[in-house]
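Notes for the one structure printed next.
The values are calculated or read from the model by the stated rules, or taken from the named source; none is laboratory data. Source: prediction; values computed, not measured. With ideal geometry, Cβ positions are generated from the backbone for all residues, glycine too; neighbour counts draw on all protein chains shown. The area values use the complete protein model at the heavy-atom level, side chains included, leaving out ligands, DNA and RNA. Shrake-Rupley method; radii C 1.70, N 1.55, O 1.52, S 1.80 Å.
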Amino acid sequence: MSKMQAVLIKDGKGPIENLYIGEAEKPVPIAGQVLVEVKAFGLNRADLIQREGNYPPPPGASPIMGLEFSGLVVELGPDVNEWSLGDEVFGLVKGGAYAEYINCDQRLLMKKPSYLSWAEAASIPENFITAYQALVKVGELQKDDNVLVHAGASGVGVAAIQIARVCGSKTVTATASTSEKLKWLQSVLRNGPTHVANYKTQDFAAEVKKTTEGKGVDVLIDFVGQSHWHKNIDSLAIDGRMTMLATLSGNEVSSVNLSSILYKRLRIQGSTLRGRTTEYQADLIADFKRDIVDKISGEDGDGPIRTYIHSKYAWTDIQNAQREMAANKNSGKIIAEISCKPNA
């Protein structure tokens, strides 16, 4: 078996200091798969949780971390008819992107536009597809809906704000934990939020009531869970839809008044992406390519949706890259770049 370099975890799990570049088996594409030489990969909070041993990859997925990447097609498995050697692509996987090479189902790849850098392309799949799924597929976003996006300066938050605006939302309110992040959202995002709220110093439910003339929001994207629950319910309009993507503040709410859920006819749904079937992900990516991809440009581009990269690291500096993500200080995406390869 051929070998490659990959980011591995000493003892299989542990602190950031356990991360190192080591030798792993180079994957071999099977039917319907494409082997990609990775140029860049994105960091996600799921990587931190996996490194700690609390988020194992789905059955059959690579144990190596990493959910998104950009790179060059270097080998085709049997029955591949959508791609050719040398194609520049970016894609979504259930694991394995922290490596020099990765196998990917051909249906989960997207053609990299020439105007996107490798880093910009790698910043798209996990965040933008998660946001698209939460807003459009689960939240059933409609034109003139009012939207509330928590963790607005996170990668998914930045993507969700822009997608909501492009889809014709009437208002988009974003929350964050610091005034610096809120200023960044308002000053940097071309299609940024129409309103913002600091959830540590403001009652975001009261703020969205002001911006929606007392109606509340039709679609709400939440990552926080327990600490935001009561205000989330208060924020939602009649027939409001809340998509829960994480529970960063905790899983349990001590008391819940069900009457608001009943009389406001609320719909509350959890949404995940990594654990979905390949067929589900392929259908989702097909819709995402149809509706969104052509609207995305680089940070300096003129598209209605832009990528925003907070920082780029050499992949050999993966410990510091994960430290920055763990500190929760980034506005936009953290990317790791693979700058050189040994002979295959």
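Does Ala153 qualify as being at pLDDT below 95, touching a helix residue (DSSP H, G or I) at 6+ places or on another chain (Cβ under 9 Å) and open to solvent by less than 10 Å² (accessible area, probe 1.4 Å)? Steps first, please.
Numbers: at pLDDT below 95: yes; touching a helix residue (DSSP H, G or I) at 6+ places or on another chain (Cβ under 9 Å): yes; open to solvent by less than 10 Å² (accessible area, probe 1.4 Å): yes.
Yes; evaluated as a whole, the condition is true for this residue.
Look through region 205-234, keep the residues that are open to solvent by 20 Å² or more (accessible area, probe 1.4 Å), hydrophobic (A, V, I, L, M, F, W, C) and over 21 Å from the mean Cα position of the chain (by Cα), and return whichever of them is farthest from Asn257 (Cα to Cα).
Ala206
Residue-by-condition table, conditions (1) more than 17 Å from Gly301 (Cα to Cα); (2) among the acidic types (Asp, Glu); (3) part of a helix (DSSP H, G or I); (4) under 18 Å from the mean Cα position of the chain (by Cα):
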site	(1), (2), (3), (4)
Pro113	no, no, no, no
Ala131	yes, no, yes, yes
Gly157	yes, no, yes, yes
Thr173	yes, no, no, no
Trp184	yes, no, yes, no
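State all residues of region 30-52 that are open to solvent by 40 Å² or more (accessible area, probe 1.4 Å) and either under 14 Å from Gly95 (Cα atoms) or in a strand (DSSP E or B) (or both); if no residue qualifies, say none.
Keep residues of region 30-52 that are open to solvent by 40 Å² or more (accessible area, probe 1.4 Å), which gives 30-31, 33, 39, 45, 49, 52.
Gln33, Lys39, Arg45, Ile49 - these are the residues of region 30-52 that are open to solvent by 40 Å² or more (accessible area, probe 1.4 Å) and either under 14 Å from Gly95 (Cα atoms) or in a strand (DSSP E or B) (or both).
Between a residue in region 192-219 that is farther than 16 Å from Ile233 by Cα and touching a residue at least 24 places away in the same chain (Cβ under 8 Å) and any residue that is surrounded by 15 or more Cβ atoms within 10 Å (Cβ to Cβ) and small (Gly, Ala, Ser), which pairs come within a Cβ distance under 8 Å, given they are 6 or more apart or on different chains?
What qualifies is Gly192/Ala174; Pro193/Gly152; Pro193/Ala174; His195/Ala174; Val196/Gly152; Val196/Ala174; Val196/Ala176; Ala197/Ala174.
Report the residue count in region 278-292 for those that are open to solvent by less than 40 Å² (accessible area, probe 1.4 Å), closer than 13 Å to Val136 by Cα and either touching a Pro at 6+ places or on another chain (Cβ under 8 Å) or in a helix (DSSP H, G or I) (or both).
Going through region 278-292 one residue at a time, the tally reaches 4.
When the residues of region 133-155 are narrowed to those that are among the polar types (S, T, N, Q) and part of a loop (DSSP other than H, G, I, E, B), which ends up farthest from the chain's Cα centre (by Cα)? Lay out the reasoning, then the answer.
Taking region 133-155 and keeping what is among the polar types (S, T, N, Q), we get 133, 142, 146, 154.
Cutting the leftovers down to part of a loop (DSSP other than H, G, I, E, B) gives us 142, 154.
Working: Gln142: 21, Ser154: 9 Å.
Within region 133-155, the match that is farthest from the chain's Cα centre (by Cα) is Gln142.
Just to verify a result, which residue in region 7-52, among those that are over 15 Å from Ala97 (Cα atoms) and acidic (Asp, Glu), is nearest to the chain's Cα centre (by Cα)?
Among residues in region 7-52 that are over 15 Å from Ala97 (Cα atoms) and acidic (Asp, Glu), the one nearest to the chain's Cα centre (by Cα) is Glu52.
Please tell me if Val208 is among the β-branched types (Val, Ile, Thr), at pLDDT 95 or above and part of a strand (DSSP E or B). Don't jump to the end; show me each part of the working.
Numbers: among the β-branched types (Val, Ile, Thr): yes; at pLDDT 95 or above: yes; part of a strand (DSSP E or B): no.
Here the answer is no, as Val208 does not meet what is asked.
I want to confirm something. Restricting to region 96-107 and keeping residues that are open to solvent by 10 Å² or more (accessible area, probe 1.4 Å) and outside any strand (DSSP E or B), which single residue is nearest to Thr272 (Cα to Cα)? Give the derivation first.
Going through region 96-107, the residues open to solvent by 10 Å² or more (accessible area, probe 1.4 Å) turn out to be 101, 103, 105-107.
Now narrow it down to the ones that are outside any strand (DSSP E or B): 106-107.
Details: Gln106: 21, Arg107: 19 Å.
This residue is Arg107.
Given Gln202, Gln269, which one is part of a strand (DSSP E or B), within 26 Å of Thr171 (Cβ to Cβ) and open to solvent by 10 Å² or more (accessible area, probe 1.4 Å)? Reasoning before the result, please.
Details: Gln202 fails: part of a strand (DSSP E or B).
Just one listed residue meets the conditions, Gln269.
Can you name the residue in region 308-333 that is modelled with pLDDT of 95 or more and among the β-branched types (Val, Ile, Thr) and, of all such residues, is least open to solvent (accessible area, probe 1.4 Å)?
By that ranking, first place goes to Ile318.
Could you tell me whether region 235-254 includes any residue that is of a type in the set (Asp, Glu), crowded, with 19+ Cβ neighbours inside 10 Å and assigned to a strand (DSSP E or B)? Even if it seems obvious, please write down each step before you answer.
Of all residues in region 235-254, those of a type in the set (Asp, Glu) come to 239, 252.
Next, from what is left, pick out any that are crowded, with 19+ Cβ neighbours inside 10 Å: none.
No, every residue in region 235-254 fails to be of a type in the set (Asp, Glu), crowded, with 19+ Cβ neighbours inside 10 Å and assigned to a strand (DSSP E or B).
Out of Pro58, Pro27, Pro78, Pro63, report the one residue that is out of contact with any helix residue (DSSP H, G or I) (no Cβ under 7 Å at 6 or more places or on another chain), buried (at least 17 other Cβ atoms within 10 Å of the Cβ), part of a loop (DSSP other than H, G, I, E, B) and not aromatic (Phe, Trp, Tyr).
Values: Pro58 fails: buried (at least 17 other Cβ atoms within 10 Å of the Cβ); Pro78 fails: buried (at least 17 other Cβ atoms within 10 Å of the Cβ); Pro63 fails: buried (at least 17 other Cβ atoms within 10 Å of the Cβ).
Selected residue: Pro27, the only one of Pro58, Pro27, Pro78, Pro63 that is out of contact with any helix residue (DSSP H, G or I) (no Cβ under 7 Å at 6 or more places or on another chain), buried (at least 17 other Cβ atoms within 10 Å of the Cβ), part of a loop (DSSP other than H, G, I, E, B) and not aromatic (Phe, Trp, Tyr).
Tell me which of these Gly22 doesn't satisfy, since it passes every other one: (1) modelled with pLDDT of 95 or more; (2) outside any helix (DSSP H, G or I); (3) open to solvent by 50 Å² or more (accessible area, probe 1.4 Å).
(3)
Could you say whether any residue in region 66-74 is among the hydroxyl-bearing types (Ser, Thr, Tyr), open to solvent by less than 50 Å² (accessible area, probe 1.4 Å) and touching a residue at least 40 places away in the same chain (Cβ under 8 Å)? Write out each step before concluding.
In the first step, residues of region 66-74 are kept if they are among the hydroxyl-bearing types (Ser, Thr, Tyr); the result is 70.
Checking the rest, the ones that are also open to solvent by less than 50 Å² (accessible area, probe 1.4 Å) come to 70.
Next, only the ones that are touching a residue at least 40 places away in the same chain (Cβ under 8 Å) stay: 70.
For region 66-74, residues among the hydroxyl-bearing types (Ser, Thr, Tyr), open to solvent by less than 50 Å² (accessible area, probe 1.4 Å) and touching a residue at least 40 places away in the same chain (Cβ under 8 Å): present.
Looking at region 81-94, which of the residues that are open to solvent by 10 Å² or more (accessible area, probe 1.4 Å) and in contact (Cβ under 8 Å) with a residue 40 or more places away in the chain is farthest from Glu25 (Cα to Cα)? Full working, then the answer.
Filtering region 81-94 for residues open to solvent by 10 Å² or more (accessible area, probe 1.4 Å) gives 81-88, 93-94.
Going one step further and asking which of them are in contact (Cβ under 8 Å) with a residue 40 or more places away in the chain, we end up with 83, 94.
On the way: Trp83: 24, Lys94: 17 Å.
Once the filter is applied, the top-ranked residue is Trp83.
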